[in-house]
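See below for the structure under consideration.
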Amino acid sequence: MLRSQRICFAFATLALFFFASAFADDDHVVVLTDDNFEKEVGQDRGALVEFYAPWCGHCKKLAPEYEKLGASFKKAKSILIGKVDCDEHKSICSKYGVSGYPTIQWFPKGSLEPKKYEGARTAEALTEYVNSEGGTNVKIASIPSNVVILTPDNFDEIVLDEKKDVLVEFYAPWCGHCKSLAPIYEKVASAFKQEEDVVIANVDADKYKDLAEKYGVSGYPTLKFFPKNNKAGEDYDGGRDADDFVTFINEKAGTSRDAKGQLTSKAGIVETLDSLVKEFLSASNDEKKAVLKKLEEEADKLKGTTARYGKIYVKAAKSCIDKGSDYAKNELLRLERILAKSISATKADEFTLKKNILSTFSSDQ
């Protein structure tokens with residue numbers, strides 16, 4: 001392996017490790033497991049813990065309220081709002097006598113002896129309870145939604161925009177399945193909030209019956225996808241977990257997101273350019289300029305979002321020629337300094353794209 005390739009390979013390995021650890025779960029509720037339960041609960045703060053099962057309808061209904069509760073107490077250092085997946089961590093749930101879902105228990109500061117919460121399952125009621133038990137005075141937080149709300153006034157403008165891929169949920173406020181889907185749908189909208197060409201939207205089909213009738217909606221929730229090239233719409237018949245929706249959107253819209261909204265390792269990768277990168281890596285220093293010219297020509301053919309990726313490929317190739325074999329190592333150090341700071345989601349995307357594309361120049365091919 002050439003020295004430049006070895007350096008690039010090291011860059012890719014370290015960069016992948018760094019990016020994997022750089023992002024944390026965005027949820028406001030602390031996920032409790034066998035490993036961390038007694039490290040978090042029964043310590044120096046009171047804890048409200050929801051014991052739930054992923055398949056439980058009542059748990060799904062509670063989810064947006066509990067998330068709102070978690071957001072409200074996020075900055076309250078004396079309070080922990082947590083949750084335990086009882087399907088995955090049966091021993092914890094058995095230990096605390098959980099026999100139905102959801103079960104909500106309060107653990108006083110310094111105690112692993114809980115008492116069961118028996119009140120209403122709303123963010124307001126839960127907040128009042130935690131304030132009373134924990135001696136706090138926290139107000140309910142407002143969590144902004146990333147789901148676009150459609151009405152007859154904006155439906156055509158948003159959904160029929162041929163520059164957008166749009167997923168629409170037709171729902172009714174009284175529909176139990178719609179309520180269960182709501183927190184999942186919000187998570188999907190959050191995952192794609194950085195994608196300008198993707199819209200996750202919903203419309204109250206009970207209120208706007210003409211829209212429901214126009215698109216053949218007879219049950220709730222009904223999901224329809226309106227891709228850039230088919231504004232007649234097509235039925236979404238896939239699964240209703242966040243991962244199912246994200247996989248669907250990625251396949252249809254050509255995006256590369258995971259359920260947390262982070263770019264995957266496939267983001268920015270263009271197969272036609274990758275073959276030229278292999279040629280570039282195996283070329284001698286004198287031959288690299290000829291391969292660079294071919295790379296530029298192919299990048300110029302790209303349209304839309306991929307045109308942006310092509311520019312990154314070309315810049316990486318030029319940098320490898322101009323800055324020599326130490327380029328990857330120096331670039332890694334620069335990225336580490338930047339990523340050690342608090343950066344926006346937009347910047348995180350920018351550096352992830354660069355990392356993914358640089359890794360194609362760095363692999364042992």
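The values are calculated or read from the model by the stated rules, or taken from the named source; none is laboratory data. Computed from a predicted structure; not experimentally measured. Neighbour counts run over all protein chains shown; Cβ positions are idealised from the backbone, glycine included. Remember, those area values only see protein heavy atoms, side chains included, never the ligands or the DNA or RNA. Shrake-Rupley method; radii C 1.70, N 1.55, O 1.52, S 1.80 Å.
Taken over segment 230-241, the criterion of being within 21 Å of Lys164 (Cβ to Cβ) and either open to solvent by 30 Å² or more (accessible area, probe 1.4 Å) or in a helix (DSSP H, G or I) (or both) is satisfied by Asn230, Lys231, Ala232, Glu234, Asp235, Gly238. Could you count how many residues in segment 112-127 are of a type outside the set (D, E, K, R), in a loop (DSSP other than H, G, I, E, B) and within 25 Å of Ala71 (Cβ to Cβ)? Counting residues in segment 112-127 that are of a type outside the set (D, E, K, R), in a loop (DSSP other than H, G, I, E, B) and within 25 Å of Ala71 (Cβ to Cβ) gives 5. Scanning segment 213-232 for residues that are of a type in the set (Ser, Thr, Tyr), over 27 Å from the mean Cα position of the chain (by Cα) and at pLDDT 95 or above yields a single hit, Tyr215. What number of residues within segment 251-264 are open to solvent by 30 Å² or more (accessible area, probe 1.4 Å), over 30 Å from Glu213 (Cβ atoms) and either β-branched (Val, Ile, Thr) or without any contact (Cβ under 8 Å) to a residue 60 or more places away in the chain (or both)? Adding up the residues that qualify gives 2. For the criterion of being under 17 Å from Val30 (Cα atoms) and either open to solvent by 10 Å² or more (accessible area, probe 1.4 Å) or out of contact with any helix residue (DSSP H, G or I) (no Cβ under 8 Å at 6 or more places or on another chain) (or both), Pro144 fails. Of the residues Ser342, Ser319, Ser362, the single one that is within 24 Å of the chain's Cα centre (by Cα), of a type in the set (S, T, N, Q) and over 23 Å from Gly254 (Cα atoms) is Ser342. For segment 265-280, the condition holds for no residue, the condition being that it is touching an Asp or Glu at 6+ places or on another chain (Cβ under 8 Å), at positive phi and surrounded by 12 or more Cβ atoms within 10 Å (Cβ to Cβ). Under the condition of being open to solvent by less than 10 Å² (accessible area, probe 1.4 Å) and not in a helix (DSSP H, G or I), the residues counted in segment 89-101 number 0.
Does segment 120-128 contain at least one residue that is among the charged types (D, E, K, R), touching a residue at least 24 places away in the same chain (Cβ under 8 Å), farther than 16 Å from Ala47 by Cα and touching a Leu at 6+ places or on another chain (Cβ under 6 Å)? Yes. Among residues of segment 44-72 that are charged (D, E, K, R) and in a loop (DSSP other than H, G, I, E, B), those with a Cβ under 8 angstrom from a residue that is modelled with pLDDT under 95 and open to solvent by 50 Å² or more (accessible area, probe 1.4 Å), sequence gap 6+ or separate chain, pair up as Arg45/Lys77. Looking across segment 51-72 at every residue that is open to solvent by less than 10 Å² (accessible area, probe 1.4 Å) and in contact with a Leu (Cβ under 8 Å, 6 or more places away or on another chain), the one that is nearest to Ala141 (Cα to Cα) is identified as Leu69.
The residue list Asp235, Asp241, Asp210 contains one member that is modelled with pLDDT of 95 or more and farther than 21 Å from Ile149 by Cβ, which is Asp235.
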